[in-house]
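These notes are about the structure you will find just below.
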Amino acid sequence: MKQSLQLRTSQHLALTPQLQQSIRLLQLSTLELHQELEQLLTDNPLLERLDDPLDHSLRLLADGAISQQAPASEAPAEGPPGDAPAAEADSYEAPAADTESTTPDADMDWGDSGRSKNTDDEESRPQLEAHHCTLREHLMEQMRVTVLEMRDRALVELIIDALDENGYLEESLDEIHARLPEELAVEIEELQTALSLLQSFDPMGVGARNASECLALQIKRLPGVPLVTRRMALAIVEKHLTWFAQRDFNKLKKALLCDDEDLREAQAVIRQCNPHPGAAFASDVSDYVVPDVIVKKARNGWQVSLNNDVMPRLRVNQMYANLLKQGKGESAMGAQLQEAKWLIKNMRQRFDTILRVAQAIVERQKNFFSHGAVAMRPLVLREIADTLGLHESTISRVTTQKYMLTPHGMFELKYFFGSHVATEAGGEASSTAIRALIVQLTGAEDPKNPLSDSKIADMLGEQGMVIARRTVAKYREALKIPPVSLRKSL
């Protein structure tokens with residue numbers, strides 16, 4: 001075949017850097033967006049943020065004096081006098097919140113009533129987090145005031161170091177004894193004494209080797225428990241804990257030769273115990289979700305608005321922009337100026353898209369906001385995409401890790417989408433509404449005779465929702481509702 005050069009014209013879709021940035025910003029969560037923004041502010045000197053978190057903060061100057069920096073929105077404009085303000089395309093600020101009241105009382109500053117303006121407000125000072133006491137520190141403090149001999153202290157500390165985060169002893173005493181050097185001449189009985197001493201510490205149940213021993217240690221120390229009830233509770237956790245966990249009360253009554261009342265009293269004692277005594281000292285940090293949109297009840301229906309607290313206020317630095325206009329800037333700064341304008345435009349487009357999608361969701365789920373989850377209607381991504389003229393992938397990016405604050409609580413935008421289940425009347429019911437009905441049915445059931453999955457399916461069928469038993473079981477497991485055998489009580 002003879003080789004030749006030919007020219008052809010064709011059309012193809014290319015992702016420009018601006019489009020790639022727009023897609024990336026759209027799929028980021030609020031936290032990831034601000035982290036990305038901080039990096040862009042560091043890399044691009046032509047981009048500046050008006051809502052600096054360090055505004056109104058005290059700063060130490062070079063001469064040792066303390067000054068309070070004025071907020072960026074109140075700072076004088078940069079650049080030579082007479083410069084025009086930045087154009088709308090070169091800045092992005094969060095829209096002002098709507099105010100429904102225009103009375104003089106609505107504009108009064110109630111926060112400063114009753115105190116002088118010059119008073120040092122405690123809220124303006126940085127709040128330092130209190131020191132978190134760990135389980136090891138708590139036990140070591142008790143050991144210092146309880147154990148006097150240095151050898152005994154060393155053995156107790158050795159066992160403390162072998163505890164897990166729940167307060168259980170992971171290794172056996174034989175394994176701990178085998179790790180000790182022979183020249184120390186430590187007997188296994190000494191370790192047993194040290195363990196017994198540790199098990200007398202607070203919290204109750206610490207140092208146990210299994211759940212049965214942990215519950216037994218606590219039952220022995222619970223105050224105000226009758227002797228007969230204490231013995232029965234100890235017999236349950238030491239010998240029949242598996243039956244108790246499975247709620248097989250008939251086998252328990254036969255093994256203990258007791259009636260329902262005695263077993264109910266023993267069960268109440270066991271429920272006072274904590275199977276994870278060391279969990280209270282865990283240093284887990286609570287995660288907080290900040291809503292992207294807020295839904296409120298208005299006179300003409302439900303009103304959707306963006307959360308101004310998560311919307312950064314950006315603009316192009318006027319001093320550098322004027323230098324570029326005068327031809328005094330470097331060539332690299334021209335590209336950075338274009339990148340700053342792209343970012344401001346993409347940021348505005350991101351929040352506009354989130355608001356449009358949220359408004360479309362609220363428009364279709366009005367019954368949910370008025371009556372709760374039982375009134376949720378089936379909704380798919382394609383329905384919102386066709387309404388707004390967007391692609392389904394765009395709707396998926398918008399609804400991922402974006403949250404809406406409603407009168408019923410905080411929900412991810414994806415929560416309002418769900419599959420449908422056919423009804424006898426020929427209509428459709430949302431899977432979210434069916435889950436809410438399952439929660440209602442199990443919450444109102446008789447504890448002595450809980451509802452089985454088949455019974456729940458029949459009750460839903462009476463309401464016109466055709467649903468199989470295995471579907472009920474799948475929804476129940478997703479809701480973390482125990483099976484019927486574990487929901488049964490005396």
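The values are calculated or read from the model by the stated rules, or taken from the named source; none is laboratory data. Since we're looking at a predicted model, the values are computed, not measured. Please note: Cβ atoms are built from the backbone with ideal geometry, for glycine as well, and neighbour counts cover all protein chains shown. Remember, those area values only see protein heavy atoms, side chains included, never the ligands or the DNA or RNA. Shrake-Rupley method; radii C 1.70, N 1.55, O 1.52, S 1.80 Å.
List of remarks:
- Contact order for segment 421-489, expressed relative to its length and based on alpha carbon pairs under 8 Å spaced 6+ residues apart, stands at 38 percent.
- Most to least accessible of Glu412, Glu38, Glu445, Glu462 (protein chains only, probe 1.4 Å): Glu462, Glu38, Glu412, Glu445
- Anchor Lys220: lysines whose Cα lies under 21 Å away (excluding residues fewer than 8 positions away in-chain): Lys239
- Among Asp259, Asp51, the sequence by solvent-accessible area, most first, with a 1.4 Å probe is Asp259, Asp51.
- Check: segment 421-489 dipole with +1 on Lys, Arg Cβ and -1 on Asp, Glu Cβ, in debye: 400 debye
- Ile160 - accessible surface, heavy atoms, 1.4 Å probe, Å² rounded to 10: 10 Å²
- Cβ-derived FRET efficiency at R0 35 Å, His34 paired with His276, nearest 0.05: 0.50
- FRET efficiency for Val380 and Leu257, using Cβ-Cβ distance with R0 set to 60 Å, rounded to 0.05: 0.50
- Ranking by accessible area, most exposed first, for Ser22, Ser172 with a 1.4 Å probe: Ser172, Ser22
- Simple Cβ-charge dipole of segment 135-272, Lys/Arg +1 and Asp/Glu -1, about Cα centre, in debye nearest 20: 900 debye
- Within the accessible area of segment 342-431 (1.4 Å probe), percent carbon and sulfur: 49 percent
- Rolling a 1.4 Å probe over the protein heavy atoms leaves Lys455 with an accessible area of roughly 100 Å².
- Legend: residue pairs Lys366/Lys480; Lys254/Lys448; Lys448/Lys474, Cα-Cα distance threshold 25 Å; pairs beyond threshold, Lys366/Lys480.
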